[in-house]
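The values are calculated or read from the model by the stated rules, or taken from the named source; none is laboratory data. The model shown is predicted, which means the values in this text are computed figures rather than measured ones. Because the Cβ atoms are built from the backbone with ideal geometry, glycine has one as well, and the counts that use them run over all protein chains shown.
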């Protein structure tokens with residue numbers, strides 16, 4: 001049971017954090033608070049799984065609360081990693097864009113702003 005609950009927890013967090021939940025809700029023109037929150041999605045998914053696989057009610061509720069708490073920390077970790085990724089991506093694209101502009105500028109002679117004249121070769 002622990003392996004399945006861990007997979008459900010990770011899947012529910014990624015389902016919300018990666019935007020699949022909001023995309024589905026937008027397409028269906030509905031708004032579900034349960035599907036918009038990683039903790040809620042995890043809690044209800046794990047509870048449904050545990051009850052459908054005939055685990056005890058107390059065990060199912062406990063597993064749901066514990067996995068929901070873990071989902072909170074997984075969502076926080078995901079947000080931190082996304083922030084690091086965004087900063088790295090911005091620094092890479094700024095560096096690449098600047099070097100491409102510099103290379104392009106060296107091949108063409110400089111002209112005055114607003115000049116429509118064709119440069120002589």
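Key figures for this structure:
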| quantity | calculated |
| --- | --- |
| Residues of region 36-53 satisfying the condition of being loosely packed, with under 13 Cβ neighbours inside 10 Å and either in contact with a helix residue (DSSP H, G or I) (Cβ under 7 Å, 6 or more places away or on another chain) or part of a helix (DSSP H, G or I) (or both) | 52 |
| For residue 84: the one exception among (1) at pLDDT below 95; (2) in a helix (DSSP H, G or I); (3) exposed (fewer than 11 other Cβ atoms within 10 Å of the Cβ) | (1) |
| Selection from region 41-76 of residues that are without any contact (Cβ under 8 Å) to a residue 12 or more places away in the chain and more than 20 Å from the chain's Cα centre (by Cα) | 48, 51, 52, 54, 56, 57, 58, 59, 62, 66 |
| Enumeration of residues in region 21-35 that are surrounded by 12 or more Cβ atoms within 10 Å (Cβ to Cβ) and either over 21 Å from residue 70 (Cα atoms) or out of contact with any helix residue (DSSP H, G or I) (no Cβ under 8 Å at 6 or more places or on another chain) (or both) | 22, 24, 25, 32 |
